[in-house]
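Just below is one structure, and these are the notes that go with it.
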Amino acid sequence: MAIFITGASAGFGQAMCKSFIQAGYQVIGAARRLERLQEMQTELGERFYPLQMDLTDTASIDAALQSLPAEFAEIDCLINNGGLALGLDAAPQADFNDWYTMIQTNIIGLSYLTRQVLPQMVERNRGYIINIGSIAGTYPYPGGNVYGATKAYVRQFSLNLRADLHGTGVRVSNIEPGLCGGTEFSNIRFKGDDERASKLYENVGYIEPQDIADTALWLYQRPAHMNVNSIEMMPVAQSFGALPVHRETPPAPAPAEPEPTPPEPESPNASLLAKIKAWLN
């Protein structure tokens, strides 16, 4: 029986691979960067199997699964960790190619791999799907648009899997982290702008990859009769804020009309002169 972890070459995935190996399990670490996986194998030993796979390519997923050696072919736990965020622009300015890549990776790749692995779990009447979601799937924020939507999908997909797998013994959990540093997440999101990425974590006691690894291992080691549907976590430094309210600027008041100038009063002499002229005429 093996633990299959996607996005294994860095961040959460790498930390989970190490934690599961240290706990005595066989681990398949899947990612695109084979060199990094091979370096991890040198460190972690024979119970770690490096598997090159591209989540954006279903043919790559099929080929990777078919290439697994017999001793790693039975997958007892699939940890869908591979995913990414690209850009933080508001929707009208966002790059649609970024949206497409996030959907292809975070939704299509995750769903396809899960569908390929599930039948063997159902047949054995045991198994575990652990999805790595995000609080972005629950709480909206400016610039989160499609990334948050993909994580909302992961959250609902996890719950619906639980409904579909009722009675099979297969468990499903969704881990939903908040602000987490020590990964490549923001460097990738900001497309190599390391300075911008680092400022996000300045003077913040953020969640670390090991916190996620410890959580995933804890979930897997729960008794078979227990299912944790979702687990949301934030650093203590992160919390909630008031919802913004946009207020319209009131129109400027119209300028006041000037008061009419009162006529000058007639002098008594002018009135008498007018009467004399009238008599003479």
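Consider only pairs whose beta carbons are under 6 Å apart and that are at least six residues apart or on different chains; among these, list those whose first residue lies in region 146-172 and is touching a residue at least 24 places away in the same chain (Cβ under 8 Å) and whose second residue is part of a loop (DSSP other than H, G, I, E, B) and surrounded by fewer than 17 Cβ atoms within 10 Å (Cβ to Cβ).
Matching pairs, first to second residue: Gly169/Asn125; Gly169/Arg126; Arg171/Asn227.
Can you report the number of residues in region 64-100 which are surrounded by 14 or more Cβ atoms within 10 Å (Cβ to Cβ), of a type in the set (A, V, I, L, M) and farther than 22 Å from Arg126 by Cα?
The total comes to 6.
For region 65-102, enumerate the residues that are of a type in the set (Asp, Glu) and without any contact (Cβ under 8 Å) to a residue 12 or more places away in the chain.
Asp95
Condition (residue is surrounded by fewer than 19 Cβ atoms within 10 Å (Cβ to Cβ), touching a Ser or Thr at 6+ places or on another chain (Cβ under 6 Å) and within 30 Å of Ser186 (Cβ to Cβ)) applied to region 115-124: is it met by at least one residue?
No - not one qualifying residue is present in region 115-124.
Ile79 - would you say it is closer than 22 Å to Tyr128 by Cβ and either out of contact with any strand residue (DSSP E or B) (no Cβ under 6 Å at 6 or more places or on another chain) or of a type in the set (D, E, K, R) (or both)?
no
If you check Tyr141, Tyr147, which single one turns out to be in a loop (DSSP other than H, G, I, E, B), farther than 26 Å from Ala63 by Cα and either under 13 Å from the mean Cα position of the chain (by Cα) or among the small types (Gly, Ala, Ser) (or both)?
Tyr141
Of all residues being surrounded by fewer than 24 Cβ atoms within 10 Å (Cβ to Cβ) and more than 15 Å from Ala213 (Cβ to Cβ) in region 5-36, which is farthest from the chain's Cα centre (by Cα)? Just the residue, please.
Gln26
For region 121-138, which positions are outside any helix (DSSP H, G or I) and not hydrophobic (A, V, I, L, M, F, W, C)?
Asn125, Arg126, Gly127, Tyr128, Asn131, Gly133, Ser134, Thr138
In region 15-64, how many residues are among the aliphatic types (A, V, I, L, M), in contact (Cβ under 8 Å) with a residue 40 or more places away in the chain and more than 24 Å from Thr105 (Cα to Cα)?
Number satisfying all stated conditions: 1.
Select from region 209-244 the residues that are at pLDDT below 95 and among the hydroxyl-bearing types (Ser, Thr, Tyr) and list them in ascending order.
Ser239, the sole residue that qualifies.
Could you look through region 163-215, keep only residues that are within 26 Å of Ser111 (Cα to Cα) and among the hydroxyl-bearing types (Ser, Thr, Tyr), and pick out the one that is nearest to the chain's Cα centre (by Cα)?
Ser186
Tell me which of these Asn125 doesn't satisfy, since it passes every other one: (1) of a type outside the set (D, E, K, R); (2) on the phi > 0 side of the Ramachandran plot; (3) touching a residue at least 60 places away in the same chain (Cβ under 8 Å).
(3)
Being touching a strand residue (DSSP E or B) at 6+ places or on another chain (Cβ under 7 Å) and of a type in the set (Asp, Glu), is that true of even one residue in region 158-174?
No, region 158-174 contains no residue that is touching a strand residue (DSSP E or B) at 6+ places or on another chain (Cβ under 7 Å) and of a type in the set (Asp, Glu).
Looking at region 156-192, which of its residues are at pLDDT 95 or above, basic (Lys, Arg) and surrounded by 19 or more Cβ atoms within 10 Å (Cβ to Cβ)?
Arg171
Would you be able to tell me the number of residues in region 193-209 that are farther than 18 Å from Ile135 by Cα and surrounded by fewer than 17 Cβ atoms within 10 Å (Cβ to Cβ)?
Of the residues in that region, 8 qualify.
Return only the number of the condition from (1) buried (at least 20 other Cβ atoms within 10 Å of the Cβ); (2) under 17 Å from Ile5 (Cβ atoms) that Tyr147 does not satisfy.
Against the list (1) buried (at least 20 other Cβ atoms within 10 Å of the Cβ); (2) under 17 Å from Ile5 (Cβ atoms), Tyr147 comes up short only on (2).
The values are calculated or read from the model by the stated rules, or taken from the named source; none is laboratory data. Just so we're clear, the structure is a prediction, and the values are computed from it rather than from any experiment. Positions of Cβ are backbone-derived with ideal geometry, glycine not excepted, and every protein chain shown enters the neighbour counts.
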